[in-house]
Amino acid sequence: MRINEKHYKSLWEKENFPEVISIIDQRKLPYFIDIIDINSSSKMIDAIKSMALRGAPLIGVAGAYAAYLACLEARISLNYSNIDFALNLIKNARPTAVNLIWAINKQEKFIASTRNFDELVEGSLQIARDIYKFELECSTKIAENGVLLLKDIAEKNNGKINILTHCNAGWLATIDYGTATAPIYKARDLGIDVHVWVDETRPRNQGAKLTAFELYHEKISHSIIVDNAGGHLMQKGFVDCVIVGCDRVALNGDVCNKIGTYLKALAAFDNGIPFYVAMPSSTLDFSLDNGVNSINIEERDEFEVLELDGLFNNSIINSKVANPFSRACNPGFDVTPSKYVSKLISEKGLHNPKREELILLKD
Ligand code: MRU
């Protein structure tokens, strides 16, 4: 993805130093492009927890690299059990996005197969690279599959489309291109006149800060809206479809995504507007039959609700934005029941949110 004509990915191996993984510090965006070099599993865990990087596919890739860094550390300490300890910490760094567990399960399976430290390092690096490549390919294919839905709408609408999106399911949440944003970029490339309504996505404002930043640099027409505006815009006929990403999808098609997604799905349903979910198969949890009752929703610190950060005099400062004596409750995600989901867009095609279709995505 371009920023001022320079191509970036959200995470990469430092040139000639594969034991150092670089990321863009997403807490500083859109104001500063700050690169963090990560050279230990604990630093990667910290980056995931503190949301220096975030987004389900990227968390999975970062987790896979954290496992590789743990293998490098074990080769130095000659202590194999340190790896198990680290894998457990990585898995629990953020509980909701299933991509993290999916990636660590792959690493764990390999790690259990050898006690040779050189093999562990080389093999775990290869797995991290494979997952990285897989997520990149998913984004490209989700773009191709998802754009078919957008083309259909635009054809009936004089070549125009207004899309609403929530949170950030763009290149910053993946490796490049995004999931929910990928069909949007593809539609633009096909000459469709696209405009995006960007939910600000409180409490951390991933929409206002990150999605808007991406769309601006991709020269896509967009407007940031407060989270409460979507229903009104839908009622007035200003939204043709909603596309969001996801953190975990159950086999019955229930979709867990950033808090507030459910409300947008309800409003879309009430207004007869299609609600699409971009879902790499790494985000489908084959162990879950039902999402509403069983997905572990991350509870985040209340400071995210009570405070906000922003730019002042060229520095990022933090302000209180609520009654200082009140407490807050901060669930990070919610689950949209499958009956409100029009289509799931995966790297393998378009799917109805039904067990009999989703089970076919298992390799
Ligand atoms: O808390 P975050 O910023 O990690 O939440 C991100 C989202 O909810 C995204 O919509 C989801 O991970 C899909 S990213 C392709």
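The values are calculated or read from the model by the stated rules, or taken from the named source; none is laboratory data. Only a predicted model underlies this, so the values are computations on that prediction, with no experimental measurement involved. Counting neighbours? That spans all protein chains shown, and the Cβs are built from the backbone with ideal geometry, glycine included. Accessible surface is based on the protein model in full, side chains and every heavy atom, while ligands, DNA and RNA are left aside. Shrake-Rupley method; radii C 1.70, N 1.55, O 1.52, S 1.80 Å.
Could you let me know the centre-to-centre spacing of segment 79-103 and segment 217-260, using Cα atoms, in angstrom? Value for the Cα centre distance between the two parts: 30 Å.
Add -39500 (n - 2.57) for each DSSP H run of 4 or more in the chain, then divide by its residues: what number comes out at 222 nm, to the nearest 500 deg cm²/dmol?
Numbers: 11 runs with 133 residues, N = 363.
Dividing the helical sum by the residues of the chain leaves -11500 deg cm²/dmol.
Of interest is the spacing of the C-alpha centroids, which for segment 302-363 and segment 168-194 amounts to 18 Å.
Taking a straight Cα-Cα cut-off under 15 Å and skipping sequence neighbours fewer than 8 places away in the same chain, the aspartates and glutamates within cross-link reach of Lys9 are Asp25, Asp34, Asp37, Glu135, Glu137, Asp176, Glu214, Glu218. For the chain, what proportion of DSSP beta bridges, expressed in % and rounded to the nearest 5, is antiparallel? In the chain, DSSP labels about 55 percent of beta bridges as antiparallel.
Only aspartates and glutamates eight or more places from Lys156 in sequence, or on another chain, were considered; those with a Cα closer than 20 Å are Glu144, Asp189, Asp193, Asp240. Share of the chain's accessible area from carbon and sulfur, percent, 1.4 Å? Carbon and sulfur atoms account for 51 percent of the accessible area of the chain.
Where only protein heavy atoms count, and the probe is 1.4 Å, what is the accessible area per residue for segment 170-284 in Å²?
Details: 3470 Å² over 115 residues.
Accessible area per residue, segment 170-284: 30 Å².
Temperature 37 °C, viscosity 0.692 mPa s: under these conditions the Stokes-Einstein estimate for the chain, based on its Kirkwood radius over C-alpha pairs, is 158 µm² per second. Please label the shape of segment 1-124 as rounded, prolate or oblate, based on the square roots a ≥ b ≥ c of the eigenvalues of the alpha-carbon gyration tensor (a/c under 1.5 means rounded; beyond that, a/b larger than b/c means prolate, else oblate). The shape class here is prolate.
Quick one: of Lys43/Lys141; Lys6/Lys320; Lys28/Lys151; Lys6/Lys209; Lys91/Lys362, which pairs are farther than 28 Å apart, Cα to Cα? Each step should come with its number before you reach the end.
Working: Lys43/Lys141 32 Å; Lys6/Lys320 35 Å; Lys28/Lys151 35 Å; Lys6/Lys209 19 Å; Lys91/Lys362 22 Å.
Result: Lys43/Lys141; Lys6/Lys320; Lys28/Lys151 exceed 28 Å.
List the relative contact order of the chain as a percent without decimals, with contacts defined as Cα pairs under 8 Å and 6+ residues apart.
16
Residues whose amide H comes within less than 5 Å of that of Phe333, counting only those at least five positions distant or on another chain, are Ile259, Glu298 (H built at 1.01 Å from N in the peptide plane). Rounded, prolate or oblate: which fits segment 166-323, taking a ≥ b ≥ c as square roots of the Cα gyration tensor eigenvalues, rounded meaning a/c under 1.5, else prolate when a/b beats b/c? Here segment 166-323 falls in the rounded category.
GNM on the chain, alpha-carbon springs under 10 angstrom: the most fluctuating residue among Leu190, Leu87, Leu29 is Leu190.
On the beta carbon distance between Asn158 and Leu78, with R0 = 56 Å, the FRET formula returns roughly 0.25.
Looking at the square roots a ≥ b ≥ c of the eigenvalues of the Cα gyration tensor of segment 62-189, which shape do they give, rounded for a/c under 1.5, prolate if a/b is larger than b/c, or oblate? Prolate, because a/c is 1.5 or more and a/b exceeds b/c.
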